[in-house]
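Novice: Got a structure for you, questions after.
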Amino acid sequence: MPASRDPAAYRLYIEARKIWRSKIAWQFTREEATRILTDVKKAAELGDWGARALMAHFYLHGLGVLESNHVLDADPVKSVEIVRLAAKAMQPWGLYDLGVAHEHGYGGAPYDVDLAWAYYLRAAQLGSPEAQMALADAYAGEGRLNDEEIMLQCAFQQGHGPAAYRLGLKARIQKEYLSAFKIYQQGVKFGSQECASSLWLLFDGDGSWPSSSEEEKINLKLLGVAADSDRGSRYRAIFEALKINPDMKLNRLDQVLPLPPEKLPPWSGVEDAVEPESYDKPTY
């Protein structure tokens with residue numbers, strides 16, 4: 001990504017994105033949807049790559065799911081045009097998205113699975129966690145479990161929530177329950193709804209998961225895991241918040257919702273776990 005980022009364009013983009021992530025799609029008014037589109041489009045025209053990526057998303061899916069708030073029709077060709085610019089600049093997200101376009105054959109990108117995988121591989125090499133997850137799936141399908149693990153770890157180390165969930169499941173299967181807790185906790189920090197749901201169900205039930213075998217229940221009990229409705233309710237609140245705003249990163253989670261045997265500190269809501277916004281010069 002570029003070494004610098006224009007603060008004015010970034011602020012325009014990020015404030016619009018906050019509005020976009022503040023509600024479920026059908027809850028927006030036409031005025032709110034129009035403001036989101038106008039500001040993101042302007043920031044994209046000013047050169048902000050985050051805004052350009054979001055415009056590619058809007059062009060691919062449209063903006064406004066109801067007649068009352070629909071302000072942009074889907075236009076996959078325009079979406080792929082933006083993605084091609086990012087891929088030409090060797091931006092990992094652009095290479096990955098262009099691979100998706102070729103895998104499914106839309107937006108003027110001809111259907112070509114081999115080309116799609118070439119883009120996924122290059123995107124993964126350059127750090128795209130989504131591409132690394134795609135490779136992890138492919139390696140798992142071929143029984144190359146060590147390579148799957150490497151790709152999952154690459155994505156996890158970059159703060160990718162879906163990778164955390166997958167690694168947590170693998171730890172459970174391998175009966176590494178303490179590792180599973182810690183990985184799920186990290187996943188919640190990354191904004192993983194699935195990880196939040198897993199810990200909610202664990203503590204809100206009887207101290208085990210609904211799918212737990214008797215052996216797993218015994219091992220969880222030996223680790224000191226027990227039903228804890230207070231913990232469960234906090235993870236549930238986080239899960240519900242992430243359904244609306246999957247951008248949320250909960251960097252202060254360990255301070256307000258530590259894993260057992262730590263006692264729970266006071267809690268006034270999900271925002272307690274979110275790091276206050278930095279007003280330093282923005283970067284990519």
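Bear in mind that the values in this text are calculations on the coordinates, not laboratory data. This is a predicted model, so every value here is computed, not measured. Cβ atoms come from the backbone with ideal geometry, glycine included; neighbour counts cover every protein chain shown.
Novice: Compute the Rg/Rh shape ratio of the range 63-175: radius of gyration over Kirkwood radius, all on alpha-carbon atoms.
Specialist: So for the range 63-175, dividing Rg by the Kirkwood Rh gives 1.07.
Novice: Distance between the C-alpha centers of the range 184-256 and the range 103-178? Whole Å please.
Specialist: 24 Å
Novice: Does the range 130-265 classify as rounded, prolate or oblate by the C-alpha gyration tensor (a ≥ b ≥ c root eigenvalues; a/c under 1.5 gives rounded; else a/b over b/c gives prolate, otherwise oblate)?
Specialist: oblate
Novice: Show which lysines lie in cross-link reach of LYS170 when reach means a straight Cα distance below 28 angstrom and same-chain residues fewer than eight apart are skipped.
Specialist: Of all the lysines, those that pass the test against LYS170 - Cα under 28 Å, at least 8 places apart if same chain - are LYS182, LYS189, LYS217, LYS221, LYS243, LYS249, LYS263.
Novice: If you average the alpha carbon positions of the range 59-101 and of the range 4-20, how far apart do those two centres end up, in angstrom?
Specialist: The range 59-101 and the range 4-20 have Cα centres separated by 18 Å.
Novice: Can you give the net charge of the other residues whose Cβ lies under 12 Å from the Cβ of PRO2, counting K and R as +1 and D and E as -1?
Specialist: It works out to a net charge of 0.
Novice: Sticking with this one: If you put +1 on each Lys and Arg Cβ and -1 on each Asp and Glu Cβ, how big is the dipole of the range 1-74 around its Cα centre, in Debye rounded to 20?
Specialist: Here the size comes out at about 220 debye.
Novice: For LYS88, go through the lysines and keep the ones whose alpha-carbon is under 22 Å away, minus same-chain ones fewer than eight residues off.
Specialist: LYS88 reaches LYS41, LYS42, LYS78.
Novice: Right, something else. Tell me the net charge near ILE150. Cut-off is 15 Å between Cβ atoms, ILE150 excluded, with +1 for each Lys or Arg and -1 for each Asp or Glu.
Specialist: -2
Novice: Let me ask something additional. Would you work out the relative contact order for the chain, in percent, from Cα pairs under 8 angstrom that are 6 or more residues apart? Intermediate results must be reported in sequence, preceding the final value.
Specialist: Values: 452 pairs, mean separation 36.4, N = 284.
Relative contact order here is 13 percent.
Novice: I need the shape label for the range 194-284. Rule: rounded when a/c is under 1.5, else prolate if a/b > b/c, else oblate, with a, b, c from the alpha carbon gyration tensor.
Specialist: Prolate is the answer for the range 194-284, as a/c is 1.5 or above and a/b outweighs b/c.
Novice: Ok, one more. Assigning unit charges at the beta carbon (Lys, Arg +1; Asp, Glu -1) and nothing else, what dipole magnitude in debye, to the nearest 20, does the chain show about its Cα centre?
Specialist: 500 debye
Novice: Suppose the chain between SER268 and GLN153 were pulled fully straight at 0.36 nm per residue; how much longer would it get relative to their current alpha carbon spacing?
Specialist: 38.1 nm
Novice: Here is a further query. Can you give the local net charge around ALA124? Use residues other than it whose beta-carbon is closer than 12 angstrom to its beta-carbon, Lys and Arg +1, Asp and Glu -1.
Specialist: -2
Novice: Right, next: Can you tell me, using C-alpha contacts under 8 Å and at least 6 residues apart, the relative contact order of the range 1-74 as a whole percent? Walk me through the intermediate numbers first.
Specialist: Details: 93 pairs, mean separation 24.4, N = 74.
This gives 33 percent for the range 1-74.
Novice: Would you be so kind as to identify which of GLN157, VAL270, ALA3 lies farthest towards the positive end of the dipole of the chain, taking Lys and Arg as +1 and Asp and Glu as -1 on Cβ and the Cα centre as origin?
Specialist: Checking the options against the dipole of the chain, the answer is ALA3.
Novice: Quick one: grab the alpha carbon gyration tensor of the range 1-104, order the square roots of its eigenvalues as a ≥ b ≥ c, and give me rounded if a/c is under 1.5, else prolate or oblate depending on whether a/b is larger than b/c. Can you show the working numbers first?
Specialist: Numbers: a/c = 2.39, a/b = 1.27, b/c = 1.88.
It comes out oblate by the Cα gyration axes.
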